[in-house]
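The values are calculated or read from the model by the stated rules, or taken from the named source; none is laboratory data. Being a predicted model, the structure only gives us computed values, none of them experimental. Positions of Cβ are generated from backbone atoms using ideal geometry, with glycine treated the same way; all protein chains shown enter the neighbour counts.
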Amino acid sequence: MPRRATCLPCVSLAIWLVGCNPPPVGIYETTSYDGVEFIRRGDKPLLMDVVVPTVAPMPRPAVLVLHGGGWVSGDRSLDKDMARFLASLGYTAATADYRLYPEGGVYPASVADSLAAVKFLRSHADDYGIDARRVAIAGESAGGQLALLVGMVEDHAIFRDESFPGVRSDVQAVVAIYAPTDLAALWKEGGWITRRLGIGYLGCPPDQCPDKWREASPITHARGDTPPILILHGDQDRVVPISQADRLHSALKAAGAPSLLARVPGGSHGWGLYFNGVQSQRTLPIIAQFLSRSLASAAGAS
């Protein structure tokens, strides 16, 4: 059985320092359902933790958060603080595992797992108080690349996910935090570690399978009718340079898509893992305001 835990996250007043509206002042107590199996791939169960506000109105929007780790490491626990924060604002928030490439997660498997997690939340909307019309996805680093593909690719059939037949896998907002967006360009700009991760994730170098590298790059899928996208990126990132964020934002704006780019001063790669760090605290109100506005608009459009 999933483990159930209750907590009230501490939200620092330092989040007021970014010069935009702070998150709502009404902070909800949260309850966590840990280790929920959302899909089984072969013999491997994939798990998520679902965090809900205990007294917030229902049905409420949901936000799925995907961890980073270069598609080779990490798990759902890395973004649990973010899920608690979002739940404290009145969302149903979940962090989900996906297959890493050493365990069968070569592209597009990890994207298929991310789609399955979205569909699980929709198919269990009544269990977790979710408004199925309003589902957002967020991710850090490799998780941000997965989140962008879920949000930007028009036809999810290319990812070959057959879970939850008949359940929608679209999302109404995307938050991408220091995400790779143009994988072929990153291959040229990055070091040997970046290249090794790219080969592991895609199964081949770009000169051998250029179509796969292109398809797995969110920038390829820029179109005018994507859901609203928030891009957060540190200006001191040496792993995924901020040029990746700049290029995606420019491509989205050129296509007429709703895109917001927040450049984070002094942010290197991985600052989102330090939930109480300066960069994280500065970006929390931006995320909260973006989700509130985007998902409110989605409700109105339904």
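Which one of these is under 20 Å from ALA251 (Cβ atoms), of a type in the set (Ser, Thr, Tyr) and touching a residue at least 24 places away in the same chain (Cβ under 8 Å): TYR201, TYR178, TYR98? Give the steps one after another, and end with the answer.
Numbers: TYR201 fails: under 20 Å from ALA251 (Cβ atoms); TYR98 fails: under 20 Å from ALA251 (Cβ atoms).
Residue meeting the stated conditions: TYR178.
Among the numbered criteria (1) modelled with pLDDT of 95 or more; (2) part of a loop (DSSP other than H, G, I, E, B); (3) surrounded by fewer than 20 Cβ atoms within 10 Å (Cβ to Cβ), which single criterion is violated by LYS253?
(2)
Pairs needed: first member in the stretch 111-133, of a type in the set (Ser, Thr, Tyr) and modelled with pLDDT under 95; second member anywhere, assigned to a helix (DSSP H, G or I) and surrounded by fewer than 18 Cβ atoms within 10 Å (Cβ to Cβ); C-beta distance under 7 Å; at least 6 residues apart or different chains.
Matching pairs, first to second residue: none at all.
What are the residues in the stretch 61-79 that are in a strand (DSSP E or B) and either of a type in the set (D, E, K, R) or more than 22 Å from SER294 (Cβ to Cβ) (or both), if any? Outline the logic, then answer.
Here is the first cut: in the stretch 61-79, the residues in a strand (DSSP E or B) are 61-66.
Result: no residue meets the conditions.
Would you be able to say whether some residue in the stretch 200-215 is in contact with a Lys or Arg (Cβ under 6 Å, 6 or more places away or on another chain) and either within 17 Å of LEU149 (Cβ to Cβ) or part of a helix (DSSP H, G or I) (or both)?
First, pick out the residues of the stretch 200-215 that are in contact with a Lys or Arg (Cβ under 6 Å, 6 or more places away or on another chain): 202.
When the remaining residues are screened for being either within 17 Å of LEU149 (Cβ to Cβ) or part of a helix (DSSP H, G or I) (or both), the result is 202.
Yes, because at least one residue in the stretch 200-215 is in contact with a Lys or Arg (Cβ under 6 Å, 6 or more places away or on another chain) and either within 17 Å of LEU149 (Cβ to Cβ) or part of a helix (DSSP H, G or I) (or both).
Residues GLY191, GLY277, GLY203: which one is more than 18 Å from the chain's Cα centre (by Cα), under 22 Å from ILE158 (Cβ atoms), among the small types (Gly, Ala, Ser) and surrounded by fewer than 19 Cβ atoms within 10 Å (Cβ to Cβ)? Full working, then the answer.
Numbers: GLY191 fails: under 22 Å from ILE158 (Cβ atoms); GLY277 fails: under 22 Å from ILE158 (Cβ atoms).
That would be GLY203, the only listed residue that is more than 18 Å from the chain's Cα centre (by Cα), under 22 Å from ILE158 (Cβ atoms), among the small types (Gly, Ala, Ser) and surrounded by fewer than 19 Cβ atoms within 10 Å (Cβ to Cβ).
Determine whether the stretch 121-137 contains at least one residue that is in a helix (DSSP H, G or I) and under 22 Å from GLU215 (Cβ atoms). Walk me through how you get there before you give the answer.
Taking the stretch 121-137 as the starting set, the residues that turn out to be in a helix (DSSP H, G or I) are 121-123, 125-128.
Those still in the list that are under 22 Å from GLU215 (Cβ atoms) too: none.
The answer is no, given that none of the residues of the stretch 121-137 is in a helix (DSSP H, G or I) and under 22 Å from GLU215 (Cβ atoms).
Looking only at the stretch 158-182, how many residues end up being within 10 Å of VAL135 (Cα to Cα), hydrophobic (A, V, I, L, M, F, W, C) and in a loop (DSSP other than H, G, I, E, B)? Spell out the reasoning first.
From the stretch 158-182, those within 10 Å of VAL135 (Cα to Cα) are 169-174; that's our starting set.
Next, from what is left, pick out any that are hydrophobic (A, V, I, L, M, F, W, C): 171, 173-174.
Now narrow it down to the ones that are in a loop (DSSP other than H, G, I, E, B): 171.
Within the stretch 158-182, residues that are within 10 Å of VAL135 (Cα to Cα), hydrophobic (A, V, I, L, M, F, W, C) and in a loop (DSSP other than H, G, I, E, B) number 1.
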